[in-house]
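Single-structure report; data block below.
What follows is calculated from the coordinates using simple rules that are stated; it is not laboratory data. Here the structure is a predicted model, which is why all the values come from computation and not from measurement. Note: ideal-geometry Cβ built from the backbone for every residue, glycine included; neighbour counts use all protein chains shown.
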Amino acid sequence: MTDVALVELHVNGERHDLAIPPRRTLADVLRHDLGLTGTHVGCEHGICGACTVLVDGAPARACLLFAIQVENAEIRTVESLADPDGGLSDLQQCFSEHHGLQCGFCTPGFLMLAEGYLAEEPEATREEIREVVASNLCRCTGYQTITDAIDDCASRRRAALQAALDTAPEPTAGSTA
Amino acid sequence: MGEPGFRPDGTWVGADVPRREDPRLLAGRGRFVDDITLPRMLHAAFVRSTEAHARVTAVDLSEVREVPGVVAAFDAADLGLADITALLDRPAEEFTPTSMPVLARDKVRYVGEPLAVVVATDPYAAEDGVEAAVVEYDPLDPVVTEAAALAAAGTPVHDEAPGNVLVDVSLFATEGIDEVFAAASASAGDVVVTVEANTGRQNALPLETRGVVADWDDRDEQLLVRTCTQVPHQVRTVLARCAGLDEKQVRVTVPDMGGGFGQKCVVGREEIAAAAAARRLRRPVKWIEDRREALTASFLAREQHYTARAAFSADGRILALDTDVVCDMGAYSCYPFTAGIEPLMASAEMPGVYRVPAYRVRGRAVTTNKAPTAPYRGVSRPQYVMVMERLMERAARELGLDAVEVRRRNVITEFPYRGINNVTYDPGSYLESLDLCEQVLRDEGWLSRSGRDRDGRMIGIGFSCFSERTGYGSGAFAQRKMQVVPGFDISQITMDLDGTVTVTTGTLSHGQSHETTFAQIVADRLGIGYDKVKIVQGDTDRITYGWGSFASRSVTIGGSAAAAASVKLGDQLRSIAAHLAGVDIDSTRLDGRGGVRAGDHTYPFAELADVAYLRAHLLPKDVGPGLTATASFDVGGDGTFSNATHGCVVALDPGTGGVEILRYVCVEDCGVAIHPRVVEGQARGGIAQGIAGALFEQVTYDELGQPLAPSFMEYKVPTAAEIPDVRIEHLETPCAFTADGAKGAGEGGTIGAPAAVLNAVNDALRHTGVELDATPIPRAAIFAALSLEEAS
């Protein structure tokens with residue numbers, strides 16, 4: 001298995017040119033070739049979801065993908081969430097406030113799962129969020145506070161959006177409201 | 001608002017402050033063991049037994065060494081490591097010593113047992129190398145079940161234990177207990193009830209698997225072992241002994257840890273082998289357990305079989321308890337706890353929260369050809385509590401009494417209480433928690449709901465009452481007669497020039513938030529911000545000695561040691577301030593704002609530290625330079641008891657036998673909560689693990705000892721779809737002898753859940769006459785019971 005493939009990956013807005021064995025998983029490339037160790041590996045068979053990243057905006061298991069499969073995609077990992085100066089995102093802040101993490105091992109997977117889901121379904125109810133939380137495994141929290149954190153983040157984002165709309169000076173062109 | 005870093009009300013303890021751990025973990029900047037990469041690092045993988053029980057006739061690694069990328073392959077003879085041996089100081093009739101080789105030699109005892117370590121330039125190549133190993137076996141009949149172990153018909157698992165029994169203790173045996181049972185049987189009103197219960201083998205299942213990065217450092221002449229363990233000093237000791245090194249030649253450090261739950265509080269074989277390989281090769285070696293290894297070849301727990309009977313008076317008071325418990329400990333005794341960990345815990349503690357006047361127990365550990373057992377969150381308590389709670393329910397049924405009322409008549413209400421098990425219980429809220437739990441469910445309207453819901457599902461309600469002994473000091477552990485006796489903790493605190501402090505602890509957080517809670521404890525003692533306190537844990541070169549974190553011991557014992565060290569440091573600061581101000585030390589006090597008030601002067605800590613380090617000539621004669629203090633803490637008596645009552649409402653689906661938990665209420669009392677939200681997190685997470693054991697998770701084997709649950713497809717870990725929201729109510733009975741009145745909170749949730757869920761299921765099945773006494777509760781049995789009812 002000495003074959004090496006040249007792979008171009010786009011991760012968190014940066015381009016990386018890699019020479020890697022084709023059997024190397026996306027999770028291993030992110031963690032060990034790019035040093036983005038925030039993405040964790042918990043089962044290597046697609047059940048636990050600790051390795052969840054966004055591939056073109058959609059949550060995906062990085063342990064079930066070969067890096068070579070996602071050459072033309074935009075990959076986002078947990079390292080993309082906080083501000084460059086280290087300030088936590090609203091979602092991360094909600095996890096902290098609701099004690100949605102204990103050991104923190106599953107946390108990056110849940111954060112990316114929620115980041116992808118809320119972008120698609122900003123109006124999600126708590127029950128719908130709970131169903132999505134059931135995609136990944138956590139051994140510490142019992143899931144309740146993870147669900148609370150994501151639900152609270154969704155509420156805050158909706159409130160912020162509403163506030164922005166309320167304070168907008170003029171309806172934008174083409175608005176159907 | 002007070003000044004930044006100070007709380008207006010002066011205390012950090014009891015406040016839900018932001019966790020110090022959160023920012024790095026949320027940003028993906030934690031440092032777990034697999035996140036560590038060193039120059040020239042190699043990767044290890046293990047050749048593992050494919051047989052459950054066999055003599056090994058050949059291990060041929062010659063092809064392995066030809067695989068591209070493989071640097072070396074070592075079997076037991078190559079590494080020549082001493083065995084891992086854990087002992088009890090008990091007579092031969094009670095304990096049979098056995099050893100666990102780091103790598104199996106002439107015999108294998110479970111599928112997955114490590115036989116050789118392959119080291120390669122990357123983990124993929126290491127696994128390629130494992131594939132090329134050739135091992136020849138002469139198979140023996142596997143001993144897969146408790147019954148087969150006790151029958152002892154074939155070749156025993158260990159030659160030293162021809163009956164396959166490693167521990168066999170008979171304890172207490174209250175005088176006249178047989179007469180009590182005889183009289184109850186003969187009496188018209190009294191009853192004798194029996195429960196035979198089996199609990200399934202489980203995996204503690206930290207989401208981060210085990211792992212190690214080991215490196216020999218020529219400059220330090222030291223093997224630096226970074227590993228995710230709950231017990232770094234014990235790993236150091238065992239590694240030094242196995243490899244023939246001085247203890248100072250081994251440094252064990254623990255990075256961020258993705259859970260442990262007991263599985264990581266024993267010394268594993270793989271970290272020893274990987275470290276030995278690193279020393280041999282003079283290159284860093286990393287081993288990260290994969291999930292299949294974790295599910296099949298790691299440490300397991302909880303497979304127990306109880307035969308229990310209890311006599312009750314006509315008015316529902318327990319008269320006597322007689323139990324036989326057999327624990328299937330798998331192939332080896334774990335270090336440091338031994339195969340006695342489960343049977344000794346069950347035997348010592350089973351009467352639990354109830355006033356049991358007569359008690360007899362026999363506890364046995366049998367050895368089988370399955371992966372060995374380690375402690376798992378709660379250790380035996382989820383099991384014996386389940387049996388006790390079944391006995392309560394059964395007695396209530398036979399006596400025609402309400403099961404909650406029967407508990408009410410039996411729980412301990414006067415403290416301190418000296419139990420029949422020779423343990424003194426410190427004050428708790430056994431009756432109060434039961435009353436409140438029932439009240440909450442009544443107020444929510446659940447108690448009036450029974451029978452079928454609108455979907456035709458059967459509704460049932462179950463309770464469980466329990467206490468959990470925490471704060472096991474050396475004296476309490478010594479009663480178990482382990483040759484290695486855990487208990488105390490040592491803490492050292494140092495103040496730097498700027499008035500901030502660094503505190504070491506021998507305990508080790510792996511999700512429990514010690515960087516936050518210990519900082520709260522210390523900050524209150526010194527009157528500084530909790531952000532001015534740095535906690536150092538998990539480093540054998542920086543911490544004198546420690547026992548790590550298990551048995552809910554950290555805050556009670558480690559927190560008390562940190563508090564004591566902080567008080568000593570505060571006294572040093574006051575001595576210096578008194579001298580500078582020319583007043584007596586009794587005229588000084590910590591001002592709660594990062595300084596000392598001495599007479600009319602206020603000395604900020606930084607000013608006193610400046611004297612202690614940079615102008616030592618100004619120090620009083622009896623105070624040496626520097627600002628550091630060390631204190632230890634141990635528990636002299638029997639420890640302290642947290643307690644709780646759990647209430648659970650379930651719905652059973654007659655179409656599938658499925659169980660849905662509609663409501664879960666936990667009324668817990670862990671004394672003073674240092675950080676209430678952390679306590680709630682521990683309770684919720686523990687309850688989730690208890691529910692997992694009650695309904696879903698089981699490590700199973702076929703008749704040849706082949707594991708049948710090697711992936712998450714078979715080992716069913718519950719998700720947010722199965723685990724309900726939990727309502728938590730707090731009661732607070734402070735502990736009299738820990739620093740802040742805290743008891744332990746780490747394990748309780750797990751302990752109460754199986755009993756509550758099982759009782760609720762049985763309540764829902766009440767009309768069928770079927771009672772189930774096994775976990776995980778077999779869905780097929782629920783389906784069958786409800787089908788019978790449908791058919792009739």
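Using the Kyte-Doolittle scale, which helices in chain B average at least 0.0 and also have C-alpha atoms spread 24 Å or more along the helix axis, with helices defined as whole DSSP H runs? Can you show the working numbers first?
On the way: long enough: B:381-399 (26 Å, -0.51); B:559-581 (32 Å, 0.55); B:748-764 (25 Å, 0.69).
Once both thresholds are applied, what remains is B:559-581, B:748-764.
Hey, could you grab the Kirkwood Rh for chain A? Inverse mean 1/r over distinct alpha carbon pairs, Å, one decimal. Please list the in-between numbers first.
Details: mean 1/r = 0.0576 Å⁻¹.
This gives a value of 17.3 Å.
How big is D for the stretch B:61-189, in µm² s⁻¹ as a whole number, if Stokes-Einstein is applied with the Kirkwood radius of its Cα pairs at 37 °C and 0.692 mPa s?
Values: Rh = 18.9 Å.
Translational D for this selection: 174 µm²/s.
What is the set of long-range amide H partners of residue B:626 at a cut-off below 5 Å, with H atoms built 1.01 Å from backbone N?
For residue B:626, the qualifying residues are B:613.
Give me the angle, in degrees from 0 to 90, between the Cα long axis of helix A:144-167 and the longest principal axis of the Cα atoms of chain A, rounded to the nearest 10.
60
Please state the charge dipole magnitude for chain A, taken about the Cα centre, from unit charges on C-beta atoms (+1 on K and R, -1 on D and E), reported in debye and rounded to the nearest 20. Walk me through the numbers before you get to the answer.
Values: 12 positive and 27 negative charges, 106 e Å.
Dipole about the Cα centre, nearest 20: 500 debye.
Express in % the proportion of alpha carbon pairs of the stretch A:72-120 at distances exceeding 14 Å.
Numbers: 640 of 1176 pairs.
Every Cα pair in the stretch A:72-120 considered, those over 14 Å come to 54 percent.
What is the Rg over Rh value, at two decimals, for the stretch B:215-269, using alpha-carbon atoms and the Kirkwood definition of Rh? Mind dumping the intermediate values first?
Working: Rg = 11.4 Å, Rh = 11.5 Å.
When Rh is taken as the Kirkwood radius, the ratio is 0.99.
Rank the residues B:528, B:543 as a footprinting-exposure proxy: fewest other Cβ atoms within 10 Å of their Cβ go first.
Working: B:528 26, B:543 21.
Lowest count first: B:543, B:528.
Kindly provide the GluC sites (Glu not before Pro) of the stretch B:408-486 that DSSP labels as loop, not H, G, I, E or B, and whose Cβ sees at most 16 other Cβ atoms within 10 Å. Intermediate results must be reported in sequence, preceding the final value.
Details: sites: B:414, B:432, B:438, B:444, B:468; in loops: B:414, B:444.
Answer in residue order: B:414, B:444.
Please give the charge dipole size of the protein assembly as shown, origin at the Cα centre, charges +1 on K and R Cβ atoms and -1 on D and E Cβ atoms. Round to the nearest 20 debye. Could the numbers behind the result be given before it?
Numbers: 88 positive and 136 negative charges, 314 e Å.
With Lys and Arg at +1 and Asp and Glu at -1, about 1520 debye.
Taking the Cα centre of the stretch B:97-158 as the origin and placing charges on Cβ (Lys, Arg +1; Asp, Glu -1), which of B:118, B:99, B:144 is farthest toward the positive end of the dipole?
With unit charges placed on the Cβ atoms, the residue in question is B:99.
Given the -39500 (n - 2.57) contribution per DSSP H run of 4+ residues, what per-residue ellipticity at 222 nm results for chain B, rounded to the nearest 500 deg cm²/dmol?
Numbers: 19 runs with 212 residues, N = 792.
The helix contribution divided over chain B gives -8000 deg cm²/dmol.
When Rg is the radius of gyration of the Cα atoms in the stretch A:81-169 and Rh is its Kirkwood radius, what does Rg/Rh come to? Write out the running numbers ahead of the final one.
Details: Rg = 13.3 Å, Rh = 13.4 Å.
Dividing the radius of gyration by the Kirkwood radius yields 0.99.
Using a cut-off of 23 Å between alpha-carbon atoms, which lysines can reach residue B:248, once sequence neighbours fewer than 8 places away in the same chain are excluded?
Straight-line reach from residue B:248, under 23 Å: B:264, B:286.
Applying the Karplus parametrisation 6.51 cos²θ - 1.76 cosθ + 1.60 with θ = phi - 60° to the phi angles of the stretch B:499-507, what ³J(HN,Hα) value in whole Hz is obtained for each residue in order, glycine and proline being reported as x?
x, 8, 10, 10, 10, 9, 9, x, 7
What is the fewest-to-most order of B:264, B:568, B:743, B:107 by other Cβ atoms lying within 10 Å of their Cβ?
Values: B:264 34, B:568 17, B:743 31, B:107 20.
By the 10 Å Cβ count, ascending: B:568, B:107, B:743, B:264.
What distance in nm lies between label points placed 7 Å from Cα along the C-beta direction at residue B:789 and residue B:622?
7.6
Please give the Cα centre distance for the stretch A:143-160 versus the stretch B:367-440, rounded to the nearest Å.
Cα centroid of the stretch A:143-160 versus Cα centroid of the stretch B:367-440: 38 Å apart.
Considering Cα pairs under 8 angstrom that are at least six residues apart, work out the relative contact order of chain B and quote it in whole percent. Could the numbers behind the result be given before it?
On the way: 2033 pairs, mean separation 123.5, N = 792.
Normalised by residue count, the contact order of chain B is 16 percent.
Report, in whole Å, the centroid distance computed from the Cα atoms of the stretch B:119-149 and the stretch B:185-233.
23
What translational diffusion coefficient, in µm²/s and rounded to a whole number, does the Stokes-Einstein relation yield for the stretch A:1-80 at 25 °C and a viscosity of 0.890 mPa s, taking the hydrodynamic radius as the Kirkwood radius over Cα pairs?
Working: Rh = 12.3 Å.
Reported coefficient: 199 µm²/s.
Just grab the label-to-label distance for residue B:218 and residue B:736, each label 7 Å out from Cα along the Cβ direction, in nm (one decimal).
6.1
Could you check the simple spin-label distance between residue B:136 and residue B:414, using points 7 Å along Cα→Cβ, in nm with one decimal?
The two pseudo-label positions are separated by 7.3 nm.
Which whole number gives the average, over all residues in B:257-265, of C-beta atoms from other chains lying within 10 Å of the residue C-beta? Spell out each step's value before the answer.
Working: counts 3, 11, 8, 2, 3, 0, 0, 0, 0.
Across B:257-265, the average partner-chain Cβ count within 10 Å equals 3.
Using a Cα-Cα cut-off of under 19 Å, which aspartates and glutamates could be cross-linked to residue B:481, ignoring same-chain neighbours fewer than 8 residues away?
B:89, B:93, B:94, B:168, B:342, B:349, B:634, B:638
Can you tell me how chain B classifies by the Cα gyration tensor, rounded, prolate or oblate, using a/c under 1.5 as the rounded cut? Present the calculation step by step, with values, prior to reporting the outcome.
Values: a/c = 1.82, a/b = 1.13, b/c = 1.61.
The shape class here is oblate.
How many angstrom lie between the Cα centre of the stretch A:66-86 and the Cα centre of the stretch B:549-601?
That distance is 48 Å.
Scan around residue B:47 for amide H atoms under 5 Å from its own, H built in the peptide plane at 1.01 Å from N, and keep only partners 5 or more places away or cross-chain.
Here the answer is B:115, B:116, B:117, B:118, since their amide H atoms fall under 5 Å of that of residue B:47.
Kindly give the semi-axes, whole Å and largest first, of the ellipsoid equivalent to the stretch B:301-410, taking each as the square root of 5 times a Cα gyration tensor eigenvalue. Intermediate results must be reported in sequence, preceding the final value.
Details: eigenvalues 182, 26, 25 Å².
Taking √(5λ) for each Cα gyration eigenvalue gives 30, 11, 11 Å.
Give the Cα extents of the protein assembly as shown along the principal axes, in whole Å, largest first.
The Cα atoms of the protein assembly as shown stretch 82, 78, 77 Å along their principal axes.
Taking the number of other C-beta atoms within 10 Å as the exposure measure, put B:121, B:253, A:125 in order starting with the fewest.
Working: B:121 15, B:253 18, A:125 11.
Listing B:121, B:253, A:125 from fewest to most nearby Cβ atoms yields A:125, B:121, B:253.
May I ask for the angle, rounded to the nearest 10°, between helix A:107-120 and the longest principal axis of chain A, with both axes built from Cα atoms and the value confined to 0 to 90°?
So the inclination is approximately 60 degrees.
Sequence neighbours fewer than 8 away in the same chain don't count; with that in mind, list the lysines whose C-alpha is under 21 Å from residue B:534.
Cross-link targets: B:568.
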